[in-house]
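**Q** One structure is given below, represented as structure tokens, and several questions about it will come after.
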Amino acid sequence: MRDIRPLLGKPLAFLVRDFKIAASYRLQFVMQGFGILLTTFSFSLIDKMLGGQNLPALSPYGGDFFAFVLIGIAFTDYLTISTTTFANEIRNAQMVGTLEALLVTPTSMTTILLSSYGYNLLATSLRVIFYLLFGTLIFGVQLQLPGFATFLITFFLTLLPFFGLGLLSAAFILVFKQGNPISTFLAMSSGLLGGMLYPVSVLPTWLKPFSAMLPITHGLEAMRQVLLNGAGIVEIRKQLLILALFSILLLAIGIYALYASLKVARKEGSLLHY
């Protein structure tokens, strides 16, 4: 227990800090809940407009348009927070003048950023749970109950590549201070090519290779197969392998870019500039 406490102390400190900040704006919790309900209701109306048509493109996912979109919207939320949280933490520290103070502590930059992710991860997970609860209890979506191990492996392999992309965004902010083209590009490309609102099978042939280059494409495919078709690890092994490769590659690039950008900022003396 004594060996574990030092490892958890810093993440817990960040978690408590971020929770206290969020709790001071209670209206945002109400607004987020209302936004989730409004979003699910809007897509339920689109599904109703389609009249329960058996669309061929949705047949690999049980043919339910609303369930398909619900999972896409819910789990894409992880991409958004992962590519913005780290960069926002750096930017806020630059603005309030605490970045250099953080860096002179014995805590590594990677630990600081990953610790700052804890609250957002929990808050996003809560939003995803509400999406799924609203979908199943209010709008009648039929979800499978996968094995816990299958869901957990799929979830983390879907999440890990986003960590690397988030670290890349943080590296950009360290050097250039403002703007975050990485998260903007990822949000646009994932919305268009990642299969959030429609299957990638309907994309033009020349766009499909670009879709395959996005981790969100394989993550959503794996999550839909698990939650809509009850697929096991064997059935989604191809997607899991691709996600594992994305995780290794993007995490390595992200960590390298972060420390390289930190070295550049120190050399230029721009850590305190904002």
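None of the figures in this text is laboratory data; all of them are computed from the coordinates on show. Here the structure is a predicted model, which is why all the values come from computation and not from measurement. All Cβ positions, glycine included, derive from the backbone under ideal geometry; neighbour counts span all protein chains shown.
**Q** Given 212, 66, 114, which one lies farthest toward the positive end of the charge dipole of region 4-268, if we put +1 on the Cβ of every Lys and Arg and -1 on the Cβ of every Asp and Glu?
**A** Value computed over the given set: 114.
**Q** Once the mean 1/r over all distinct Cα pairs of region 4-268 is inverted, what Kirkwood radius in angstroms do you read off?
**A** Working: mean 1/r = 0.0507 Å⁻¹.
This gives a value of 19.7 Å.
**Q** Under the Karplus relation 6.51 cos²θ - 1.76 cosθ + 1.60, θ = phi - 60°, what is the ordered set of whole-Hz ³J(HN,Hα) values for region 211-216, x standing for Gly and Pro?
**A** Coupling constants for region 211-216: 4, 5, 7, 9, x, 4 Hz.
**Q** At q = 0.09, 0.14, 0.16 Å⁻¹, what is the base-10 log of I(q)/I(0) for region 122-274 according to the Debye formula with one equal point scatterer per Cα and no solvent? Please give it to two decimals.
**A** Values returned for q = 0.09, 0.14, 0.16 Å⁻¹ are -0.37, -0.81, -0.98.
**Q** Along region 222-236, what does the Karplus equation 6.51 cos²θ - 1.76 cosθ + 1.60 (θ = phi - 60°) give for ³J(HN,Hα), rounded to whole Hz, x for Gly and Pro?
**A** Calculated HN-Hα couplings, in order: 5, 5, 5, 5, 6, 7, 9, 10, x, 5, x, 4, 5, 5, 10 Hz.
**Q** Project the alpha carbons of region 17-72 onto their principal axes and report the range along each, largest first, in whole Å.
**A** 48, 21, 10
**Q** So what is the diffusion coefficient of region 207-246 in µm² per second by Stokes-Einstein at 10 °C and 1.306 mPa s, using a Kirkwood Rh over Cα pairs?
**A** Translational D for this selection: 155 µm²/s.
**Q** Sort 158, 39 by Cβ crowding within 10 Å, fewest neighbours at the top.
**A** On the way: 158 25, 39 16.
So the residues, fewest neighbours to most, are 39, 158.
**Q** Enumerate the calculated ³J(HN,Hα) couplings along region 248-264 in order (Karplus 6.51 cos²θ - 1.76 cosθ + 1.60, θ = phi - 60°), each rounded to whole Hz, writing x wherever the residue is Gly or Pro.
**A** 4, 5, 6, 5, 5, 5, x, 5, 4, 4, 4, 6, 5, 5, 5, 5, 5
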